[in-house]
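Following: one structure in C-alpha coordinates, then a few remarks.
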Amino acid sequence: MDKKIIEKLVWAGMLAPTADNCQPFRFESGENALLVHFSYERARAFLDYNNLMSWLALGCLLTNIRIMARSLGYDFDEDLFPGTYSDNLVAILRIKKAPVYKSPLLPYLEKRCSNRSKARKFVMPEKDERALFESIAQNEHVQMDVLRQKKEVRFLAKQTSRFYPLLLEHQDVHEGIYRWVRWNQKEVETTRDGFYIHVLEFTRIVQILLRLSQAWRFSRFLTVFKLSKMVGYLIKRRYKRSSAFALLSISEDKPEAYVKAGRELEHIWLEANRRGYSIHPSVGVVSLALRVRLENGTGLTPSQIKLTKSMESKISNVFPAFSGRLPVFLLRFSKTGPPSARTPRLPVSQVLTFNEG
Ligand SMILES: Cc1cc2nc3c(=O)[nH]c(=O)nc-3n(C[C@H](O)[C@H](O)[C@H](O)COP(=O)(O)O)c2cc1C
(Lines give C-alpha, C1' and ligand atoms only; values in the text may rest on other atoms or scores of the structure.)
Protein backbone atom coordinates (compact mmCIF):
# COMPACT_ATOMS: atom_id res chain seq x y z
CA MET A 1 0.00 0.00 0.00
CA ASP A 2 0.99 3.56 -0.62
CA LYS A 3 3.07 4.82 2.31
CA LYS A 4 1.26 8.15 2.25
CA ILE A 5 -2.07 6.41 2.81
CA ILE A 6 -0.70 4.39 5.72
CA GLU A 7 0.68 7.59 7.24
CA LYS A 8 -2.72 9.27 6.91
CA LEU A 9 -4.44 6.36 8.64
CA VAL A 10 -1.94 6.39 11.49
CA TRP A 11 -2.22 10.16 11.84
CA ALA A 12 -6.02 9.85 12.10
CA GLY A 13 -5.62 7.13 14.73
CA MET A 14 -3.21 9.25 16.74
CA LEU A 15 -5.71 12.12 16.84
CA ALA A 16 -8.06 9.96 18.90
CA PRO A 17 -8.15 10.63 22.64
CA THR A 18 -6.16 8.56 25.13
CA ALA A 19 -6.30 8.89 28.91
CA ASP A 20 -3.96 11.72 29.97
CA ASN A 21 -2.84 11.84 26.34
CA CYS A 22 -0.45 8.96 27.11
CA GLN A 23 -0.59 7.74 23.48
CA PRO A 24 0.24 4.10 24.19
CA PHE A 25 -0.15 2.72 20.65
CA ARG A 26 2.52 1.98 18.05
CA PHE A 27 2.00 0.92 14.45
CA GLU A 28 3.67 -1.38 12.00
CA SER A 29 2.72 -1.62 8.38
CA GLY A 30 2.66 -5.06 6.83
CA GLU A 31 1.42 -6.15 3.41
CA ASN A 32 -2.04 -4.55 3.11
CA ALA A 33 -2.30 -4.59 6.88
CA LEU A 34 -1.67 -2.22 9.71
CA LEU A 35 -0.61 -3.72 13.02
CA VAL A 36 -1.37 -1.91 16.26
CA HIS A 37 0.87 -2.58 19.25
CA PHE A 38 0.23 -1.54 22.82
CA SER A 39 2.87 -0.07 25.07
CA TYR A 40 1.81 -1.05 28.55
CA GLU A 41 4.51 1.04 30.18
CA ARG A 42 2.99 4.25 28.76
CA ALA A 43 -0.53 3.31 29.84
CA ARG A 44 0.37 1.99 33.30
CA ALA A 45 -1.85 3.88 35.76
CA PHE A 46 -3.91 3.12 38.84
CA LEU A 47 -7.01 4.48 37.13
CA ASP A 48 -6.46 2.35 34.03
CA TYR A 49 -8.17 -0.48 35.85
CA ASN A 50 -8.04 -3.73 33.86
CA ASN A 51 -6.69 -1.66 30.93
CA LEU A 52 -10.21 -0.28 30.63
CA MET A 53 -9.02 3.17 29.58
CA SER A 54 -6.55 1.76 27.09
CA TRP A 55 -9.06 -0.51 25.37
CA LEU A 56 -11.59 2.33 25.23
CA ALA A 57 -8.89 4.48 23.62
CA LEU A 58 -8.15 1.67 21.17
CA GLY A 59 -11.83 1.72 20.15
CA CYS A 60 -11.63 5.50 19.62
CA LEU A 61 -8.52 5.03 17.50
CA LEU A 62 -10.24 2.40 15.32
CA THR A 63 -13.19 4.71 14.69
CA ASN A 64 -10.85 7.48 13.56
CA ILE A 65 -8.88 5.19 11.28
CA ARG A 66 -12.10 3.89 9.73
CA ILE A 67 -13.46 7.37 9.04
CA MET A 68 -10.16 8.36 7.40
CA ALA A 69 -9.86 5.07 5.47
CA ARG A 70 -13.39 5.41 4.07
CA SER A 71 -12.68 8.95 2.92
CA LEU A 72 -9.71 7.61 0.92
CA GLY A 73 -11.57 4.67 -0.65
CA TYR A 74 -10.47 1.99 1.82
CA ASP A 75 -11.89 0.06 4.72
CA PHE A 76 -10.53 -2.73 6.92
CA ASP A 77 -11.44 -5.97 8.63
CA GLU A 78 -10.11 -6.06 12.11
CA ASP A 79 -8.69 -8.85 14.16
CA LEU A 80 -8.68 -7.77 17.80
CA PHE A 81 -6.17 -9.14 20.32
CA PRO A 82 -4.85 -11.69 17.81
CA GLY A 83 -1.59 -12.50 19.55
CA THR A 84 -0.62 -13.59 22.99
CA TYR A 85 -1.00 -10.95 25.63
CA SER A 86 2.75 -10.63 26.06
CA ASP A 87 3.55 -9.68 22.48
CA ASN A 88 1.40 -6.56 22.86
CA LEU A 89 -0.15 -6.93 19.40
CA VAL A 90 -3.68 -5.65 19.99
CA ALA A 91 -5.13 -5.33 16.51
CA ILE A 92 -4.46 -6.29 12.92
CA LEU A 93 -6.29 -4.13 10.41
CA ARG A 94 -6.56 -5.87 7.05
CA ILE A 95 -7.00 -3.07 4.62
CA LYS A 96 -9.14 -3.41 1.53
CA LYS A 97 -10.60 -1.20 -1.18
CA ALA A 98 -14.06 0.26 -0.54
CA PRO A 99 -16.30 2.95 -2.04
CA VAL A 100 -15.24 6.45 -1.03
CA TYR A 101 -17.33 7.87 1.82
CA LYS A 102 -16.60 11.31 3.18
CA SER A 103 -18.19 11.30 6.61
CA PRO A 104 -19.43 14.64 7.96
CA LEU A 105 -17.30 13.73 10.99
CA LEU A 106 -14.07 13.73 8.95
CA PRO A 107 -13.10 17.39 9.67
CA TYR A 108 -13.74 16.71 13.36
CA LEU A 109 -10.95 14.13 13.63
CA GLU A 110 -8.66 17.15 13.96
CA LYS A 111 -11.09 19.52 15.64
CA ARG A 112 -12.26 17.10 18.35
CA CYS A 113 -10.85 17.81 21.77
CA SER A 114 -11.50 17.70 25.48
CA ASN A 115 -12.72 21.05 26.66
CA ARG A 116 -12.97 21.76 30.36
CA SER A 117 -13.45 25.53 30.12
CA LYS A 118 -16.22 27.43 31.87
CA ALA A 119 -19.61 26.71 30.38
CA ARG A 120 -22.55 28.98 29.87
CA LYS A 121 -25.74 27.70 31.42
CA PHE A 122 -27.57 25.74 28.76
CA VAL A 123 -29.81 22.71 29.01
CA MET A 124 -29.37 20.25 26.16
CA PRO A 125 -32.57 20.20 24.07
CA GLU A 126 -34.25 16.87 23.49
CA LYS A 127 -33.52 16.90 19.77
CA ASP A 128 -29.76 17.01 20.48
CA GLU A 129 -30.07 14.14 22.91
CA ARG A 130 -31.87 12.13 20.25
CA ALA A 131 -29.26 12.96 17.61
CA LEU A 132 -26.49 11.82 19.93
CA PHE A 133 -28.32 8.61 20.69
CA GLU A 134 -28.65 7.99 16.98
CA SER A 135 -24.92 8.42 16.47
CA ILE A 136 -24.27 5.37 18.59
CA ALA A 137 -24.81 2.10 16.80
CA GLN A 138 -27.84 0.50 18.37
CA ASN A 139 -26.72 -2.70 19.97
CA GLU A 140 -27.34 -4.53 23.18
CA HIS A 141 -23.68 -4.47 24.16
CA VAL A 142 -23.12 -0.74 24.44
CA GLN A 143 -25.70 1.49 26.06
CA MET A 144 -25.68 5.23 26.49
CA ASP A 145 -27.88 7.02 29.02
CA VAL A 146 -28.18 10.78 29.03
CA LEU A 147 -29.42 13.09 31.79
CA ARG A 148 -30.02 16.71 30.96
CA GLN A 149 -32.50 18.09 33.50
CA LYS A 150 -31.02 20.81 35.72
CA LYS A 151 -31.75 18.92 38.90
CA GLU A 152 -30.08 15.73 37.67
CA VAL A 153 -27.07 17.63 36.36
CA ARG A 154 -26.58 19.33 39.74
CA PHE A 155 -26.91 16.01 41.50
CA LEU A 156 -24.33 14.35 39.25
CA ALA A 157 -22.00 17.34 39.61
CA LYS A 158 -22.08 16.85 43.36
CA GLN A 159 -21.56 13.10 43.27
CA THR A 160 -18.85 12.87 40.60
CA SER A 161 -16.82 15.73 42.11
CA ARG A 162 -16.42 13.71 45.31
CA PHE A 163 -13.80 11.65 43.49
CA TYR A 164 -11.42 14.57 42.84
CA PRO A 165 -9.78 15.00 46.25
CA LEU A 166 -8.30 11.54 45.66
CA LEU A 167 -6.05 12.98 42.97
CA LEU A 168 -4.09 14.57 45.78
CA GLU A 169 -4.79 12.04 48.50
CA HIS A 170 -4.06 8.67 46.89
CA GLN A 171 -0.40 8.18 46.07
CA ASP A 172 -0.83 5.96 42.99
CA VAL A 173 -3.59 8.12 41.54
CA HIS A 174 -1.43 11.18 42.22
CA GLU A 175 1.61 9.63 40.53
CA GLY A 176 -0.48 8.46 37.56
CA ILE A 177 -1.75 11.97 36.85
CA TYR A 178 1.36 14.03 37.57
CA ARG A 179 3.43 11.86 35.27
CA TRP A 180 1.61 13.43 32.33
CA VAL A 181 1.29 17.06 33.38
CA ARG A 182 3.39 19.42 31.28
CA TRP A 183 4.13 22.69 32.99
CA ASN A 184 5.40 24.89 30.19
CA GLN A 185 5.43 25.22 26.43
CA LYS A 186 8.94 23.81 26.15
CA GLU A 187 7.92 20.59 27.90
CA VAL A 188 4.85 20.35 25.68
CA GLU A 189 6.93 20.71 22.54
CA THR A 190 9.70 18.33 23.51
CA THR A 191 7.49 15.51 24.80
CA ARG A 192 4.44 15.97 22.55
CA ASP A 193 2.45 13.78 24.93
CA GLY A 194 0.66 14.37 28.23
CA PHE A 195 -1.24 17.61 28.74
CA TYR A 196 -0.34 21.23 29.27
CA ILE A 197 -1.53 22.39 32.69
CA HIS A 198 -3.66 25.08 30.99
CA VAL A 199 -6.03 22.45 29.52
CA LEU A 200 -7.33 21.88 33.04
CA GLU A 201 -8.64 25.46 32.97
CA PHE A 202 -7.76 26.34 36.56
CA THR A 203 -6.82 29.83 37.69
CA ARG A 204 -3.15 30.75 38.08
CA ILE A 205 -3.23 30.38 41.84
CA VAL A 206 -4.71 26.88 41.67
CA GLN A 207 -2.10 25.96 39.05
CA ILE A 208 0.65 27.08 41.43
CA LEU A 209 -0.82 25.02 44.26
CA LEU A 210 -1.08 22.02 41.96
CA ARG A 211 2.53 22.47 40.93
CA LEU A 212 3.61 22.51 44.56
CA SER A 213 1.57 19.36 45.15
CA GLN A 214 3.59 17.54 42.53
CA ALA A 215 5.82 16.35 45.37
CA TRP A 216 3.78 13.66 47.10
CA ARG A 217 4.89 14.75 50.56
CA PHE A 218 3.84 18.31 49.91
CA SER A 219 0.55 17.09 48.52
CA ARG A 220 -0.05 15.22 51.77
CA PHE A 221 0.90 18.33 53.68
CA LEU A 222 -1.55 20.49 51.71
CA THR A 223 -4.42 18.12 52.39
CA VAL A 224 -4.12 19.29 56.00
CA PHE A 225 -5.21 22.68 54.67
CA LYS A 226 -8.02 21.04 52.69
CA LEU A 227 -6.50 21.80 49.27
CA SER A 228 -7.74 18.46 47.96
CA LYS A 229 -11.27 19.32 49.09
CA MET A 230 -10.94 22.67 47.35
CA VAL A 231 -10.20 20.90 44.05
CA GLY A 232 -13.41 18.87 44.55
CA TYR A 233 -15.34 22.06 45.26
CA LEU A 234 -14.01 23.83 42.14
CA ILE A 235 -14.89 20.81 40.00
CA LYS A 236 -18.40 20.68 41.43
CA ARG A 237 -18.98 24.35 40.58
CA ARG A 238 -17.80 23.74 37.04
CA TYR A 239 -19.80 20.54 36.55
CA LYS A 240 -23.02 22.19 37.68
CA ARG A 241 -23.03 24.30 34.54
CA SER A 242 -23.04 21.25 32.25
CA SER A 243 -25.74 20.84 29.62
CA ALA A 244 -25.98 17.09 30.20
CA PHE A 245 -24.17 14.05 31.54
CA ALA A 246 -23.93 10.70 29.76
CA LEU A 247 -22.96 7.25 30.90
CA LEU A 248 -21.68 4.54 28.60
CA SER A 249 -22.13 1.03 29.91
CA ILE A 250 -21.55 -2.45 28.55
CA SER A 251 -22.93 -5.89 29.28
CA GLU A 252 -19.77 -7.93 29.77
CA ASP A 253 -16.33 -7.48 31.28
CA LYS A 254 -14.16 -8.28 28.26
CA PRO A 255 -11.43 -6.26 26.51
CA GLU A 256 -13.32 -6.61 23.22
CA ALA A 257 -16.40 -5.09 24.86
CA TYR A 258 -14.34 -2.13 26.09
CA VAL A 259 -13.04 -1.61 22.55
CA LYS A 260 -16.60 -1.70 21.23
CA ALA A 261 -17.63 0.96 23.73
CA GLY A 262 -14.61 3.05 22.73
CA ARG A 263 -15.72 2.94 19.09
CA GLU A 264 -19.12 4.34 20.04
CA LEU A 265 -17.60 6.83 22.42
CA GLU A 266 -15.53 8.40 19.65
CA HIS A 267 -18.63 8.67 17.43
CA ILE A 268 -20.49 10.47 20.20
CA TRP A 269 -17.53 12.74 20.90
CA LEU A 270 -17.07 13.71 17.24
CA GLU A 271 -20.81 14.20 16.75
CA ALA A 272 -21.11 16.27 19.91
CA ASN A 273 -18.23 18.53 18.85
CA ARG A 274 -19.81 18.84 15.42
CA ARG A 275 -23.01 20.00 17.08
CA GLY A 276 -21.18 22.62 19.11
CA TYR A 277 -20.96 20.76 22.44
CA SER A 278 -17.78 20.55 24.43
CA ILE A 279 -16.91 17.22 26.01
CA HIS A 280 -15.23 16.65 29.33
CA PRO A 281 -14.79 13.03 30.44
CA SER A 282 -14.93 12.23 34.13
CA VAL A 283 -13.87 8.65 34.38
CA GLY A 284 -12.21 8.42 37.81
CA VAL A 285 -15.38 7.41 39.61
CA VAL A 286 -16.08 4.68 37.04
CA SER A 287 -12.61 3.22 37.38
CA LEU A 288 -12.86 3.16 41.19
CA ALA A 289 -16.32 1.61 41.07
CA LEU A 290 -15.04 -1.23 38.86
CA ARG A 291 -12.05 -1.79 41.13
CA VAL A 292 -14.34 -2.09 44.13
CA ARG A 293 -16.89 -4.25 42.37
CA LEU A 294 -14.57 -6.63 40.51
CA GLU A 295 -11.57 -6.73 42.82
CA ASN A 296 -12.80 -5.82 46.30
CA GLY A 297 -11.15 -2.44 46.07
CA THR A 298 -7.50 -3.55 45.98
CA GLY A 299 -5.21 -0.59 46.56
CA LEU A 300 -7.89 1.49 48.25
CA THR A 301 -8.22 2.22 51.95
CA PRO A 302 -11.46 1.23 53.73
CA SER A 303 -12.60 4.85 53.74
CA GLN A 304 -11.89 5.20 50.00
CA ILE A 305 -13.89 2.02 49.37
CA LYS A 306 -16.70 3.44 51.45
CA LEU A 307 -16.60 6.68 49.47
CA THR A 308 -16.66 4.75 46.18
CA LYS A 309 -19.64 2.63 47.27
CA SER A 310 -21.48 5.71 48.36
CA MET A 311 -20.83 7.48 45.02
CA GLU A 312 -21.87 4.34 43.14
CA SER A 313 -25.12 3.98 45.02
CA LYS A 314 -26.03 7.67 44.65
CA ILE A 315 -25.15 7.80 40.94
CA SER A 316 -27.16 4.61 40.38
CA ASN A 317 -30.27 6.42 41.60
CA VAL A 318 -30.20 8.51 38.45
CA PHE A 319 -28.20 6.19 36.18
CA PRO A 320 -29.42 2.65 37.06
CA ALA A 321 -26.91 1.25 34.52
CA PHE A 322 -24.11 2.42 36.81
CA SER A 323 -24.71 -0.56 39.05
CA GLY A 324 -27.01 -2.69 36.85
CA ARG A 325 -24.50 -2.97 34.02
CA LEU A 326 -20.77 -2.38 33.67
CA PRO A 327 -20.18 1.39 33.59
CA VAL A 328 -17.20 2.34 31.42
CA PHE A 329 -17.29 6.05 30.67
CA LEU A 330 -18.91 9.08 32.19
CA LEU A 331 -18.80 12.38 30.33
CA ARG A 332 -20.42 15.76 30.42
CA PHE A 333 -21.56 17.96 27.58
CA SER A 334 -21.47 21.74 27.79
CA LYS A 335 -21.49 24.93 25.76
CA THR A 336 -18.17 26.71 26.14
CA GLY A 337 -15.70 28.87 24.28
CA PRO A 338 -12.55 27.25 22.85
CA PRO A 339 -10.17 25.52 25.28
CA SER A 340 -7.15 27.47 26.60
CA ALA A 341 -4.78 24.92 25.07
CA ARG A 342 -4.77 21.77 22.96
CA THR A 343 -2.87 18.56 23.58
CA PRO A 344 -0.15 17.72 21.05
CA ARG A 345 0.52 14.34 19.44
CA LEU A 346 3.71 12.41 18.77
CA PRO A 347 4.78 12.68 15.12
CA VAL A 348 3.70 9.80 12.89
CA SER A 349 7.35 9.08 12.05
CA GLN A 350 7.94 8.24 15.72
CA VAL A 351 5.09 5.78 16.10
CA LEU A 352 5.01 4.04 12.72
CA THR A 353 7.46 1.45 11.38
CA PHE A 354 7.37 0.35 7.77
CA ASN A 355 7.98 -3.34 7.39
CA GLU A 356 9.61 -3.52 4.00
CA GLY A 357 10.00 -7.31 3.82
C1 LIG B 1 -10.33 6.47 28.25
C2 LIG B 1 -10.20 7.94 28.53
C3 LIG B 1 -10.38 8.41 29.82
C4 LIG B 1 -10.30 9.78 30.09
N5 LIG B 1 -10.54 10.23 31.36
C6 LIG B 1 -10.51 11.56 31.61
C7 LIG B 1 -10.88 12.05 32.91
O8 LIG B 1 -11.25 11.29 33.81
N9 LIG B 1 -10.83 13.39 33.11
C10 LIG B 1 -10.45 14.26 32.12
O11 LIG B 1 -10.43 15.47 32.37
N12 LIG B 1 -10.12 13.82 30.88
C13 LIG B 1 -10.15 12.50 30.61
N14 LIG B 1 -9.87 12.04 29.35
C15 LIG B 1 -9.51 12.99 28.29
C16 LIG B 1 -8.02 12.91 27.97
O17 LIG B 1 -7.26 13.52 28.99
C18 LIG B 1 -7.80 13.61 26.63
O19 LIG B 1 -8.53 12.93 25.66
C20 LIG B 1 -6.33 13.61 26.24
O21 LIG B 1 -5.59 14.44 27.11
C22 LIG B 1 -6.16 14.12 24.80
O23 LIG B 1 -6.72 15.40 24.68
P24 LIG B 1 -7.84 15.73 23.61
O25 LIG B 1 -9.05 14.94 23.97
O26 LIG B 1 -8.09 17.21 23.75
O27 LIG B 1 -7.32 15.36 22.26
C28 LIG B 1 -9.98 10.68 29.04
C29 LIG B 1 -9.80 10.20 27.74
C30 LIG B 1 -9.92 8.85 27.47
C31 LIG B 1 -9.76 8.34 26.08
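The values are calculated or read from the model by the stated rules, or taken from the named source; none is laboratory data. Note that this is a predicted model, so its numbers are computed, not measured. Every residue, glycine as well, gets a Cβ built from its backbone with ideal geometry; the counts of neighbours run over all protein chains shown.
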Original post:
Before we move on, is LYS260 in the same structural domain as PHE322 (by TED's automatic domain parsing), in contact with a Lys or Arg (Cβ under 6 Å, 6 or more places away or on another chain) and in contact (Cβ under 8 Å) with a residue 12 or more places away in the chain?
Top reply: no
Given the conditions (1) touching a residue at least 12 places away in the same chain (Cβ under 8 Å); (2) surrounded by fewer than 14 Cβ atoms within 10 Å (Cβ to Cβ); (3) not aliphatic (A, V, I, L, M), every one holds for ARG204 apart from (1)
Exactly one of ARG237, ARG275 is under 25 Å from THR336 (Cα atoms), surrounded by fewer than 18 Cβ atoms within 10 Å (Cβ to Cβ) and within 16 Å of the ligand (Cβ to nearest atom), and that residue is ARG237
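Return yes or no: is ARG130 among the basic types (Lys, Arg) and not in a helix (DSSP H, G or I)? Spell out the reasoning first.
Details: among the basic types (Lys, Arg): yes; not in a helix (DSSP H, G or I): no.
It is false that ARG130 is among the basic types (Lys, Arg) and not in a helix (DSSP H, G or I).
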Exactly one of TRP183, TRP216 is aromatic (Phe, Trp, Tyr), more than 14 Å from the ligand (Cβ to nearest atom), over 30 Å from ALA137 (Cα atoms) and at pLDDT 95 or above, and that residue is TRP183
Legend entry - Meets criteria (over 27 Å from ASN115 (Cα atoms), outside the structural domain of ARG179 (by TED's automatic domain parsing) and either more than 16 Å from the ligand (Cβ to nearest atom) or over 11 Å from the mean Cα position of the chain (by Cα) (or both)) for GLY13: no
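Inside the range 56-95, can you point out the residues that are among the hydroxyl-bearing types (Ser, Thr, Tyr) and more than 25 Å from ASN21 (Cα to Cα)?
Hits for the range 56-95 are SER71, TYR74, THR84.
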